[in-house]
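Written out below as structure tokens is the structure these notes cover.
The values are calculated or read from the model by the stated rules, or taken from the named source; none is laboratory data. A quick note: this is a predicted structure, and the numbers were derived from the prediction, not measured. Cβ placement follows ideal geometry from the backbone for every residue including glycine, while neighbour counts extend to all protein chains displayed.
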Amino acid sequence: MDFVNRIALVTGAATGIGEQVARRLYAGGAAVALVGHDGQALERLRLELDREGGRALAVEADVRDETAMHDAVQRTVDAFGALHLAVNNAGLTGPHDTPLEALTLDDWNTVIGTDLTGMFLSLKAELPAIVAAGGGAIVNLSSANGIVGVAGIAAYTTAKHGVLGLTRAVALEYADKHVRVNAIGPGYVATPRMLEMPREALDAIADAHPMKRLATREEIAELAAFLLSDRASFCTGGFYAADGGYTAQ
């Protein structure tokens with residue numbers, strides 16, 4: 001999976017899955033635009049990856065802001081000359097264990113605005129640049145919750161179902177423009193934030209997966225890298241679960 005001479009943009013790149021995806025693409029030779037709302041964390045990652053700034057760019061931007069995302073893509077093209085690959089990972093879960101009647105409109109709007117509308121705005125900015133570069137590939141982060149329901153996180157579950165629909169629609173619209181678009185559905189992943197949970201809670205979450213463990217960030221990043229690579233050249237409009245059997249139950 002060689003990404004030499006390829007330009008990638010990753011949203012939510014400051015931490016979690018997004019950070020690991022950015023590291024994987026950079027290690028594979030890509031120039032990577034690190035996009036997110038935490039500018040300081042993005043700059044720390046940029047310096048760690050590429051202190052000279054030749055193949056990494058930190059761009060502070062809110063995916064919910066159409067102008068900011070347009071500018072993030074433009075800065076990427078200005079810095080590296082093109083855009084070939086994108087991973088739309090930025091998202092949040094919102095309140096947990098909250099029945100629908102207790103979910104506030106602000107909570108709903110925050111989750112949907114980030115996880116679904118933010119992805120729409122990211123795609124809207126990325127797609128013209130990728131087409132202009134002659135084509136490429138996009139991976140959108142859905143979730144195991146994108147194909148099953150989970151009580152207590154209605155906004156997140158709704159948004160991740162929406163990501164799958166958005167992915168399929170865009171894949172069809174751009175199939176003849178040499179742009180492949182796929183979605184990944186991770187189960188629960190051992191991100192730094194997840195690992196802050198009490199041990200008993202982590203054990204219970206791990207036990208919900210038939211493989212009896214959480215995914216590593218590296219496992220999700222490897223799947224993203226495969227789907228972005230030429231090895232997946234006939235894959236578009238797909239949903240690829242990486243959930244330890246969670247959705248097979």
Note to self: For segment 94-112: of the residues being crowded, with 17+ Cβ neighbours inside 10 Å and under 19 Å from the mean Cα position of the chain (by Cα), which is modelled with the lowest pLDDT?
What the structure shows: GLY94
Check: Could you say which residue among GLY94, GLY18 is assigned to a helix (DSSP H, G or I), in contact with a Ser or Thr (Cβ under 9 Å, 6 or more places away or on another chain) and not aliphatic (A, V, I, L, M)?
Finding: GLY18
Notebook entry, point to check: List the pairs whose first member sits in segment 148-161 and is touching a residue at least 40 places away in the same chain (Cβ under 8 Å) and part of a loop (DSSP other than H, G, I, E, B), whose second member is surrounded by fewer than 18 Cβ atoms within 10 Å (Cβ to Cβ) and among the hydroxyl-bearing types (Ser, Thr, Tyr), and whose Cβ atoms are under 7 Å apart, counting only residues at least 6 apart or on separate chains?
Noted result: VAL148/THR247; GLY152/THR98; ILE153/THR93
Note to self: I'd like the full set of residues that are of a type in the set (Ser, Thr, Tyr) and over 25 Å from ASP2 (Cβ atoms), limited to segment 15-70.
What the structure shows: THR15, THR67
Next item on the list: Looking only at segment 49-64, decide whether some residue is β-branched (Val, Ile, Thr), at pLDDT 95 or above, buried (at least 20 other Cβ atoms within 10 Å of the Cβ) and in a loop (DSSP other than H, G, I, E, B).
Entry: yes
Next item on the list: Spot the failing condition for ALA129; the list is (1) in contact (Cβ under 8 Å) with a residue 12 or more places away in the chain; (2) under 30 Å from ALA248 (Cα atoms), and only one is missed.
Entry: (2)
Check: Which residue pairs have Cβ atoms closer than 6 Å, lie 6 or more positions apart in sequence or on different chains, and pair a first residue in segment 227-247 that is more than 16 Å from GLY146 (Cβ to Cβ) with a second residue that is assigned to a helix (DSSP H, G or I) and β-branched (Val, Ile, Thr)?
Finding: none
Next item on the list: Please state which of the following conditions ARG44 fails to meet, knowing it meets all the rest: (1) surrounded by 15 or more Cβ atoms within 10 Å (Cβ to Cβ); (2) farther than 16 Å from VAL139 by Cα.
Entry: (1)
Notebook entry, point to check: Take the residues of segment 21-40 that are of a type in the set (Gly, Ala, Ser) and surrounded by 24 or more Cβ atoms within 10 Å (Cβ to Cβ): which is farthest from ASP62 (Cα to Cα)?
Noted result: ALA30
Note to self: If I filter segment 47-70 down to residues being in contact (Cβ under 8 Å) with a residue 12 or more places away in the chain and over 18 Å from the mean Cα position of the chain (by Cα), which single residue comes out as farthest from ARG24 (Cα to Cα)?
What the structure shows: GLY54
Item checked: Which numbered condition LEU116 misses (of (1) in contact with a helix residue (DSSP H, G or I) (Cβ under 6 Å, 6 or more places away or on another chain); (2) under 25 Å from ASN182 (Cα atoms); (3) not in a helix (DSSP H, G or I)) -> (3)
Next item on the list: Output the residues belonging to segment 171-230 that are in a helix (DSSP H, G or I), among the hydrophobic types (A, V, I, L, M, F, W, C) and buried (at least 18 other Cβ atoms within 10 Å of the Cβ).
Entry: ALA171, ILE220, ALA221, LEU223, ALA224, ALA225, LEU227, LEU228
Check: Counting only residues that are of a type in the set (S, T, N, Q) and out of contact with any Gly (no Cβ under 9 Å at 6 or more places or on another chain), which one in segment 91-116 is nearest to VAL189 (Cα to Cα)?
Finding: THR93
Item checked: Residue list for segment 1-12, filter: modelled with pLDDT of 95 or more and more than 19 Å from ALA82 (Cα to Cα) -> GLY12
Check: So which pairs qualify, if the first residue must be in segment 4-25 and free of Cβ contacts under 8 Å to residues at least 24 places away in the same chain and closer than 20 Å to ARG75 by Cα, the second must be part of a loop (DSSP other than H, G, I, E, B) and of a type outside the set (A, V, I, L, M, F, W, C), the Cβ gap must be under 6 Å, and the two must be at least 6 apart or on different chains?
Finding: none
